[in-house]
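The values are calculated or read from the model by the stated rules, or taken from the named source; none is laboratory data. Just so we're clear, the structure is a prediction, and the values are computed from it rather than from any experiment. Cβ coordinates were reconstructed from backbone atoms using ideal geometry, including for glycine residues, and neighbour counts include every protein chain displayed. Side chains included, ligands, DNA and RNA excluded: accessible areas come from the protein's heavy atoms. Shrake-Rupley method; radii C 1.70, N 1.55, O 1.52, S 1.80 Å.
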Amino acid sequence: MCRTLNGIFLLFLVLLFAVSLSASTITALKTSEQIRVDGILSEGIWQRTGFTDFKQREPEQGAPGSEKCETWVAYDDEALYIAAKLYDHHADSIVARLVRRDFVYGDPSDGFLVYIDPYHDKMTGNLFYVSAAGTKADGLVENDGRFELSWDAVWEGVAKLHPDGYVVEMKIPFAQLRFKEGEEQVWGINFERYIGRKNETMMVVYTPRNENGFVSRFPDLVGLNGLTPSSRMEVLPYVTGKAEYIGNNSNNPFNPGEKYLPGAGLDLKVGLGTSLTLDGTINPDFGQVEVDPAVVNLSDVETSFQEKRPFFTEGVSIFRFGRGGANNNWQFNWSDPTIFYSRRIGRNPQRPQFSLPYYDYADVPNGTKILGAGKISGRLGDDWKIGMIHSLTNKEMTSIDSAGHHSRQEMEPQSYYGVFRAQRDFEQGQQGIGMLATYTNRMFDNPILQDYINSNALVTAVDGWTFFDQERTYVLTGWAGLSNVQGNNNKLITLQRSSGHYFQRPDVTHMSVDSSLTSMTGYAGRIMLNKNRGRWTLNAAVGMIDPKFESNDLGFMSFADVINAHVVSGYRWSDPTEYYRFTGFDIATFVNYDFGGNKTAQGFWLNSYVTLLNYYGGNIRLQYSPETFSARRTRGGPLMVNPSSQSAGINLFSDNRNWWILYAGGGMTTGGVDENTNAYIETELKLTPTFTLTVGPDISFDKSKAQFIRSVLDANATATYGRRYVFADLEQTSVGATIRMNWILNPELSFQIYAQPYFNSGSYTNYKELTKAKSFKFIMYGTNGSTITPQTTSTGEVVGYSLDADGTGTAVSIPIGKPDFNYRSLRGNAVVRWEYSPGSALFLVWTQSREDIETAGDFQFGRSVDRIVNVKPDNIFMLKLSYWMGM
């Protein structure tokens with residue numbers, strides 16, 4: 001009888017365990033034995049039957065995985081353990097390539113992922129990945145399916161090849177995760193396996209084609225009992241050494257040609273309860289960061305660069321704004337104002353050098369030193385996600401020398417930057433609401449700087465979304481914001497007349513320069529309807545930026561005075577056929593107005609795309625833009641006509657499973673003001689399992705029929721409101737390339753080289769003057785009684801021109817320099833990174849830059865190469881050693 005009862009009880013446990021391995025529930029077992037993360041699975045906790053119910057997401061959606069997978073979950077007081085045995089009938093064909101940590105998108109290596117939703121909010125989570133070669137990646141999942149790999153945790157992950165496949169083993173400390181307090185924990189979990197040679201992805205649960213929702217589908221992870229979250233304190237002290245070899249002017253007292261700069265700093269991470277994390281940095285150093293690309297910008301819009309500094313890239317998804325709920329965010333001719341643009345912290349000093357006293361030499365800093373910064377992110381209670389950043393930057397000085405006399409001038413005041421973000425969703429993401437605020441405060445010691453820099457700036461904005469149905473097919477999402485900047489009269493006048501606003505436009509009545517302003521307040525917002533699921537797609541939006549809206553102190557905004565609307569729809573054939581894997585098209589129309597009702601842009605757009613059965617594919621796009629007006633081409637002057645234009649483009653790609661990968665494309669724009677022909681090709685060569693070379697040359701030919709030169713006052717120019725607007729034809733040639741070499745010796749040791757040669761030339765001809773506002777009519781200097789007189793040196797070299805609209809008449813003579821240019825640049829760096837212990841690293845960095853400028857506009861590739869090779873380079877060598885300590 002006792003044996004019978006024991007048998008029944010044992011059968012009950014087996015059935016209970018089997019149920020716990022269903023797709024709706026996965027059980028974690030607590031262990032008291034020490035688990036060695038080595039990919040061998042010799043511990044007793046891994047000897048039980050594992051979870052094996054995987055289904056294909058691609059290529060045969062819903063079919064069982066072609067190879068067996070078996071996974072286990074265990075935990076102890078400190079960490080969560082994941083083990084996966086990934087069987088393969090052809091283990092010798094497993095793709096095991098080493099790539100840089102987190103650079104796994106597009107990598108064809110076999111690999112295994114675990115997704116965890118520790119908060120069980122069915123909207124957010126963490127992901128951890130280990131490839132068959134041992135490459136690690138980690139990141140965040142937001143908005144029920146948006147992935148972000150900027151987040152880095154300290155955890156262990158190992159892969160080990162076996163004759164019948166390979167094994168992945170992970171140890172994820174609870175200190176790296178955020179979860180609710182409670183004796184019994186229920187999390188969400190999902191597993192994914194990728195088989196490279198088959199392009200096969202199998203998962204426990206997946207998002208079906210034409211559907212949405214990912215985290216919300218996760219099975220429950222149960223069995224996590226008695227977890228006691230640690231205080232989660234991590235300290236990362238580091239020391240640096242830098243040697244700079246820049247310049248070769250022996251007369252320059254500030255640049256002897258070499259500098260040696262030792263340094264030290266500290267990063268820390270502190271858990272504030274179970275749900276909040278404080279990240280701090282003191283005297284940060286970002287010398288290991290890849291250099292920015294070279295650009296030639298002839299427009300009136302600032303160039304935006306990607307953030308690459310780790311403190312500002314890690315875990316910043318909480319600061320994403322205005323797009324909640326939607327899985328598409330089309331922006332046809334909409335220059336979305338960024339409320340928080342972290343590159344403003346540590347920016348180049350803003351005082352213009354022309355405002356300095358006369359000098360022969362100056363030692364101008366190329367950035368503003370960050371004294372310290374802190375970041376808090378996580379949750380308050382079970383509802384609100386919050387994030388905030390506080391940063392203090394140094395007062396920056398420049399030393400100047402005039403005839404041997406030295407003095408120091410302030411270039412940037414000490415400044416405080418603050419960011420606050422809060423967001424809450426309801427009904428597991430059915431609705432959501434949030435806010436984002438940024439504040440900048442500058443502490444002036446020198447009143448001269450107040451003529452050039454805003455004193456204070458505040459931007460506050462709210463965002464939110466709501467789905468219209470339980471299936472989450474349609475979602476309405478949007479945001480609205482207010483800005484306020486303060487400064488003295490001179491600065492506010494300059495701001496109103498700047499390229500972001502152009503209040504001085506003479507032909508508008510909805511705005512004008514107010515010389516009495518000491519503060520300016522504006523508004524902006526956008527609302528968007530998106531169809532998240534189904535074969536038919538739909539996205540429609542309306543947005544506006546008030547002329548007085550300004551976010552550039554701690555954000556990024558190209559220009560204001562915009563009302564934009566678009567509608568885009570399309571259809572997707574996402575089920576594979578005998579001809580393709582998926583294909584589809586999108587068609588759209590968009591329009592822009594300024595606040596005076598002038599149509600400043602319009603277009604009709606078509607895009608078609610396909611991926612073939614062999615995983616080659618591409619897309620073709622067409623656009624027609626009818627005649628509109630430009631409110632910006634005269635740089636604060638009257639409207640000009642934008643003639644109609646047409647454009648077309650094509651992009652192609654190859655199967656990324658090959659040892660070589662090719663991306664190529666090009667485009668052409670005809671008609672209109674600015675014509676363009678461009679082409680690019682990028683080839684990635686996987687020469688060995690550890691060595692990859694990527695070369696991506698590109699070329700562009702641009703022709704502007706009205707490149708702005710300058711404007712001058714002349715009361716005789718009544719047709720253009722008392723100013724003469726000078727333009728020219730500009731033929732511009734740009735040739736560049738991006739070259740990357742990655743040699744990954746093992747998952748902890750890597751060597752990377754990045755180089756960007758860039759040549760850009762511009763030749764100006766046919767100098768002309770706008771003859772009438774709201775037109776595209778010009779008088780060519782040198783015709784119809786007008787004159788163009790070259791200005792030459794004693795050797796006969798042309799250095800400029802004198803332009804006169806009526807020769808000996810009453811029109812003012814307009815002097816201009818010769819604007820032709822030939823710019824060459826070669827930038828690059830080499831980085832050795834060794835993670836000698838989890839979280840601890842040694843960086844060795846060499847950065848080199850070369851630059852050459854001529855006033856000749858003809859493009860000669862051979863001459864450009866020869867000159868840039870013979871330019872004396874600037875070299876910077878850096879060492880950085882950090883040591884991670886978890887407490």
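Look at (1) within 26 Å of ASN212 (Cα to Cα); (2) in a loop (DSSP other than H, G, I, E, B); (3) acidic (Asp, Glu); (4) modelled with pLDDT of 95 or more and you find that ASP575 fails only one, number (4). When PHE877, PHE859 are checked against the criterion of being outside any loop (DSSP other than H, G, I, E, B) and open to solvent by 30 Å² or more (accessible area, probe 1.4 Å), PHE877 stands alone in meeting it.
Within segment 633-650, being open to solvent by 40 Å² or more (accessible area, probe 1.4 Å) and in a strand (DSSP E or B) holds for GLN646, ALA648, ILE650.
For every residue, the table says whether it meets (1) touching a residue at least 40 places away in the same chain (Cβ under 8 Å); (2) under 28 Å from THR720 (Cβ atoms); (3) among the basic types (Lys, Arg); (4) open to solvent by less than 30 Å² (accessible area, probe 1.4 Å).
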site	(1), (2), (3), (4)
ASP586	yes, no, no, yes
GLY596	yes, yes, no, no
GLN602	no, yes, no, no
TYR609	no, no, no, no
ASN614	yes, no, no, no
GLY617	no, no, no, yes
GLN623	no, no, no, no
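Quick grid of which residues meet (1) open to solvent by less than 20 Å² (accessible area, probe 1.4 Å); (2) farther than 20 Å from PRO838 by Cα; (3) touching a Ser or Thr at 6+ places or on another chain (Cβ under 7 Å):
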site	(1), (2), (3)
ALA96	no, yes, yes
ASP102	no, no, no
TYR105	no, yes, no
VAL130	yes, no, no
GLU148	no, yes, yes
ALA159	no, no, yes
VAL168	yes, no, no
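Apart from one condition, GLU769 fits all of (1) open to solvent by less than 70 Å² (accessible area, probe 1.4 Å); (2) among the acidic types (Asp, Glu); (3) modelled with pLDDT under 95; the exception is (3). How many of the residues making up segment 438-458 are aliphatic (A, V, I, L, M), open to solvent by 20 Å² or more (accessible area, probe 1.4 Å) and in a strand (DSSP E or B)? Going through segment 438-458 one residue at a time, the tally reaches 2. Among residues of segment 377-395 being open to solvent by 20 Å² or more (accessible area, probe 1.4 Å) and modelled with pLDDT of 90 or more, the one that is farthest from ASN255 (Cα to Cα) is MET388. Out of ILE282, ILE339, report the one residue that is farther than 30 Å from ALA524 by Cα and among the β-branched types (Val, Ile, Thr). Of ILE282, ILE339, the one residue that is farther than 30 Å from ALA524 by Cα and among the β-branched types (Val, Ile, Thr) is ILE282. None of LEU221, LEU236 is touching a strand residue (DSSP E or B) at 6+ places or on another chain (Cβ under 7 Å) and open to solvent by less than 20 Å² (accessible area, probe 1.4 Å) except LEU221.
Here the condition is being modelled with pLDDT of 90 or more and more than 30 Å from ASN143 (Cα to Cα); of GLN331, GLN350, it holds for GLN350 alone.
Residues considered: THR670, THR683, THR692. Of these, the only one that is assigned to a strand (DSSP E or B) and exposed (fewer than 15 other Cβ atoms within 10 Å of the Cβ) is THR670. When the residues of segment 182-214 are filtered to those that are in a strand (DSSP E or B) and of a type in the set (Phe, Trp, Tyr), the one that is most open to solvent (accessible area, probe 1.4 Å) is TYR194. Scan segment 712-727 and report the pairs whose first residue is closer than 14 Å to THR634 by Cα and whose second residue is acidic (Asp, Glu) and open to solvent by 20 Å² or more (accessible area, probe 1.4 Å), with Cβ atoms within less than 7 Å and a gap of 6+ or a chain change. Taking only residues 6 or more apart or on different chains, the pairs are TYR721/ASP507. Scanning segment 430-461 for residues that are small (Gly, Ala, Ser), under 20 Å from LYS491 (Cα atoms) and at pLDDT below 95 yields no hits at all.
Reported count of residues in segment 35-91, each being of a type outside the set (Val, Ile, Thr) and in a helix (DSSP H, G or I), is 3. Does PHE179 fit the bill of being part of a loop (DSSP other than H, G, I, E, B), under 29 Å from GLN428 (Cα atoms) and open to solvent by less than 20 Å² (accessible area, probe 1.4 Å)? The answer is yes for PHE179. Restricting attention to segment 188-215, which residues are among the polar types (S, T, N, Q) and modelled with pLDDT of 90 or more? Answer for segment 188-215, where residues must be among the polar types (S, T, N, Q) and modelled with pLDDT of 90 or more: ASN190, ASN199, THR201, THR207.
Do we have any residue at all in segment 771-782 that's closer than 30 Å to THR135 by Cα and not β-branched (Val, Ile, Thr)? Looking for residues that are closer than 30 Å to THR135 by Cα and not β-branched (Val, Ile, Thr), one finds none in segment 771-782, hence no.
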